[in-house]
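Down below is the structure, laid out as structure tokens.
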Amino acid sequence: MKKILLIAGEVSADHHGAALLRELHSLTEVNVFGLGGDALQAEGMELTVHLKTMSFLGLSEVIRHLPYIKYVRDRLLEQVDRKKPDLAILIDYPGFNLRLAKQLKQRGIPVVYYISPQLWAWGKRRVQKIRRYVDKMLVLFPFEKTFYEKHGIAADYVGHPLVDHHFEHLPQNGKIFEPDRAALGLLPGSRKQEVVSLLPRMLQVARKLYAQGQVKQVHILKAPHLPETLYREQMTENDVFLQLKEEEIHRFLPRIDVALVASGTATLEVGYFGVPMVIVYQVQALTFWLASRLVKIKHIGLVNIVAETEVAKELIQHEFTVDTATREISALLDPLTHEQVQKKLSIIRDKLGEPGASLRAARAIAGFMESSHGN
């Protein structure tokens, strides 16, 4: 039985990793340990560290927690030295994973990287690390395969695992938009810091739109691992039109007509379901200042990056004000604009490809293990 170290340091990586592990179990016998969350644990992974202890947002948060991050890395490497895994699978999470990849390479452990760091956004310095420390790249988008091949790194395009998770839940005939019954969705992110930073203004936008009669209902998507009080303490007894939902995002999205969504994987899911959205985000000033000097692309919203054009307005940092967000959502509630944006979003389904990404990734990993160990 092959032993695998798996690193999934964020909620989305935990879900994608769980889908991968499920398919991998169907192909071969593996024993998996490492950093992950509830979804991976449910698929039989032994958690050395739970990802909920690694939820840091912004440069100062990371700096403040550097001793703990080093402790986690050392603890994982102790397990590696004891168990001597046949393979490491690193999922996204580049700041942590690329440093860990170097340590793994020094120990002679082959490394597969699943869900590429966004090197095409953050410049090319990390490309050298990928070339040096990673044995196989599994990427989600065709343009990533092109990017890596241009830099002399072999990459397999496997498609996006969220398609596997969501394609059966797409409304058969699309959602009919009724302006007089419009529902707004608030998706403030999966990290505590995101909810604290973004939800208060999101709620103010919702209250303005409700007072103006532009929305009749507002649904808030709660992250399952965050306490309900984090959301409830920002709501008042007058917010009778607000509903806090803890459910899978594919059940949440068909309820809503427009969305205010934190930048991240959720923008891609909202786009996949064809829901017009405004993307918002805010980090600490120093983090933003550094990022603005490193990022090499026009958009930060993943849905815009994948579409290779702007399909959703982005309000980042000081641009995210209550008045501006209210105005942008209001525009999306115009029936003609709503229809036009929905049509633009149809490109996302085309870009994400066909179902079967998790199985294709699992087959690539199983094949790699067989070829690298000669059995």
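Nothing in this text is a laboratory measurement; each read-out follows from the coordinates by a stated rule. All values derive from a computational prediction rather than experimental measurement. Positions of Cβ are generated from backbone atoms using ideal geometry, with glycine treated the same way; all protein chains shown enter the neighbour counts.
Take the chain, drop everything but the C-alpha atoms, weight them equally and run the Debye formula without solvent; then report log10 I(q)/I(0) at 0.08, 0.09, 0.14 Å⁻¹ to two decimals. Those come out to -0.41, -0.52, -1.25, one per q.
In summary, the lysines within cross-link reach of LYS351, defined as a Cα separation below 23 angstrom excluding same-chain residues under 8 places away, comprise LYS136, LYS145, LYS150, LYS175, LYS296, LYS298, LYS313, LYS343. Taking a ≥ b ≥ c as the square roots of the eigenvalues of the Cα gyration tensor, segment 193-283 is rounded, since a/c falls below 1.5. Look at TYR114, TYR133 and count the other Cβ atoms within 10 Å of each Cβ; fewest to most, that gives TYR133, TYR114.
Would you work out if segment 87-193 is rounded, prolate or oblate? Take a ≥ b ≥ c from the square roots of the eigenvalues of the alpha-carbon gyration tensor; rounded if a/c is under 1.5, else prolate when a/b is larger than b/c, oblate otherwise.
prolate
Taking the alpha-carbon distance from LYS344 and a cut-off under 16 Å, which aspartates and glutamates remain once sequence neighbours fewer than 8 residues away in the same chain are dropped? Leaving aside aspartates and glutamates fewer than 8 places away in the same chain, those within reach of LYS344 are ASP257, GLU269, GLU308, GLU310, GLU314, ASP334.
How compact is segment 168-352 by the rule of thumb for globular proteins, expressed as Cα Rg over 2.2 N^0.38 Å? Kindly include the intermediate steps, with their values, before the conclusion.
Numbers: Rg = 15.6 Å, N = 185, 2.2 N^0.38 = 16.0 Å.
That works out to 0.97 for segment 168-352.
In summary, the aspartates and glutamates within cross-link reach of LYS102, defined as a Cα separation below 17 angstrom excluding same-chain residues under 8 places away, comprise ASP74, GLU78, ASP81, ASP86, ASP92, ASP135. The simple Förster model, with R0 at 30 Å and r as the Cβ-Cβ distance, assigns ASP74 and ARG131 a FRET efficiency of 0.70. Contact order for the chain, expressed relative to its length and based on alpha carbon pairs under 8 Å spaced 6+ residues apart, stands at 17 percent. Segment 127-192 and segment 347-369 have Cα centres separated by 11 Å. Can you tell me the 0 to 90 degree angle between the C-alpha axis of helix 357-373 and the longest principal axis of the chain, rounded to 10? That helix lies at roughly 10 degrees to the long axis.
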